[in-house]
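A short worksheet on the structure shown next.
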Amino acid sequence: MSGFDLIIFDCDGVLVDSEIIAAQVESRLLTEAGYPISVEEMGERFAGMTWKNILLAIEQEVDIPLSASLIDKSEKLLDARLERDVKVIDGVKFALSKITTQACICSNSSSQRLDMMLTKVGLKPYFAPNIFSAKDLGPDRVKPRPDIFLHAIDTFKVNASRTVVIEDSVHGIHGAVAAGCRVIGFTGASHTYPSHADRLTDAGAETVISRMSDLPATITALGEWVGAV
């Protein structure tokens with residue numbers, strides 16, 4: 001894995017197949033609240049965003065007051081569904097077994113949810129203790145802000161230009177690019193949609209993969225050009 005000093009993984013939709021579960025829970029709550037939206041549209045428009053920021057974005061779009069109680073209701077319903085149903089993304093454990101560069105997780109999910117999901121699917125030992133939640137930095141510092149990526153870079157004492165981020169969302173890629181990182185887009189989770197790869201590329205991903213088993217070779221190839229960007 002020469003060429004990079006740090007590999008940063010997003011969690012939801014990259015390591016665990018959780019974005020589709022979030023989209024199912026949140027689309028139902030929004031539809032019941034008077035904002036009809038499909039599971040597919042949730043994934044396309046809002047993947048990678050916190051539930052609070054999703055509600056704020058919708059309130060700015062339409063004149064529908066969304067109750068603050070929806071935040072707590074969603075968190076409880078989603079945690080229950082994730083604890084029961086979340087699964088590891090196919091090929092992740094193979095990819096991690098081939099990667100020798102130091103790695104961490106940078107996620108918008110809470111530390112508690114990350115611990116639960118990663119423990120359930122058996123990925124926590126690969127990353128602990130380097131599992132970072134943007135929410136721990138502050139409610140206004142989540143992706144697409146670059147803060148969580150800058151926090152990881154500072155923790156590992158590496159240069160952003162020698163850091164590669166694996167992201168499945170436009171919002172996450174915007175944050176990674178703003179932090180000065182290289183980015184690989186990923187479209188292999190269940191919430192993917194037809195224009196997913198194009199949108200990730202437009203957001204700043206240098207390449208996009210749909211199979212996690214392709215990640216080690218992709219990192220190696222991208223690392224050969226680390227000095228060219």
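Summary of values
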| quantity | calculated |
| --- | --- |
| All positions within region 98-114 that are under 15 Å from the mean Cα position of the chain (by Cα) and assigned to a helix (DSSP H, G or I) | S111, R113, L114 |
| Residue among G34, G3 that alone is modelled with pLDDT under 95, closer than 23 Å to N130 by Cβ, open to solvent by less than 50 Å² (accessible area, probe 1.4 Å) and in a loop (DSSP other than H, G, I, E, B) | G3 |
| Residue among I8, I21 that is buried (at least 17 other Cβ atoms within 10 Å of the Cβ), in a helix (DSSP H, G or I) and of a type in the set (V, I, T) | I21 |
| Qualifying residue in region 56-75 (condition: within 22 Å of S133 (Cα to Cα), outside any loop (DSSP other than H, G, I, E, B) and touching a residue at least 60 places away in the same chain (Cβ under 8 Å)) | no |
| L82 touching a strand residue (DSSP E or B) at 6+ places or on another chain (Cβ under 9 Å), buried (at least 20 other Cβ atoms within 10 Å of the Cβ), in contact (Cβ under 8 Å) with a residue 60 or more places away in the chain and closer than 23 Å to I173 by Cβ | no |
| Test result for S97, closer than 21 Å to I209 by Cα, of a type in the set (S, T, Y) and surrounded by fewer than 18 Cβ atoms within 10 Å (Cβ to Cβ) | yes |
| Those residues of region 201-223 which are assigned to a helix (DSSP H, G or I), over 16 Å from F4 (Cα atoms) and of a type in the set (S, T, N, Q), in sequence order | T201, S213 |
| Flag if I105 is over 12 Å from V14 (Cβ atoms), open to solvent by less than 30 Å² (accessible area, probe 1.4 Å) and in contact with a helix residue (DSSP H, G or I) (Cβ under 7 Å, 6 or more places away or on another chain) | no |
| Hits in region 38-49 - residues which are assigned to a loop (DSSP other than H, G, I, E, B) and surrounded by 18 or more Cβ atoms within 10 Å (Cβ to Cβ) | A47, G48, M49 |
| Per-region count, region 143-200, residues open to solvent by 10 Å² or more (accessible area, probe 1.4 Å), assigned to a helix (DSSP H, G or I) and of a type outside the set (D, E, K, R) | 13 |
| In region 131-167, the residues that are aromatic (F, W, Y) and in contact (Cβ under 8 Å) with a residue 40 or more places away in the chain | F149, F156 |
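Table: residues versus (1) out of contact with any Leu (no Cβ under 8 Å at 6 or more places or on another chain); (2) at positive phi; (3) modelled with pLDDT under 95; (4) polar (S, T, N, Q).
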| position | (1), (2), (3), (4) |
| --- | --- |
| V158 | no, no, no, no |
| V164 | no, no, no, no |
| G180 | yes, yes, no, no |
| Y193 | yes, no, yes, no |
| L200 | yes, no, no, no |
| R211 | yes, no, no, no |
| I219 | yes, no, no, no |
| A228 | yes, no, yes, no |
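The values are calculated or read from the model by the stated rules, or taken from the named source; none is laboratory data. Computed from a prediction, not measured in an experiment: that's the story for all the values here. Every residue, glycine among them, receives a Cβ derived from its backbone with ideal geometry; neighbour counts consider all protein chains shown. SASA here: full protein model, heavy atoms, side chains in, ligands and nucleic acids out. Shrake-Rupley method; radii C 1.70, N 1.55, O 1.52, S 1.80 Å.
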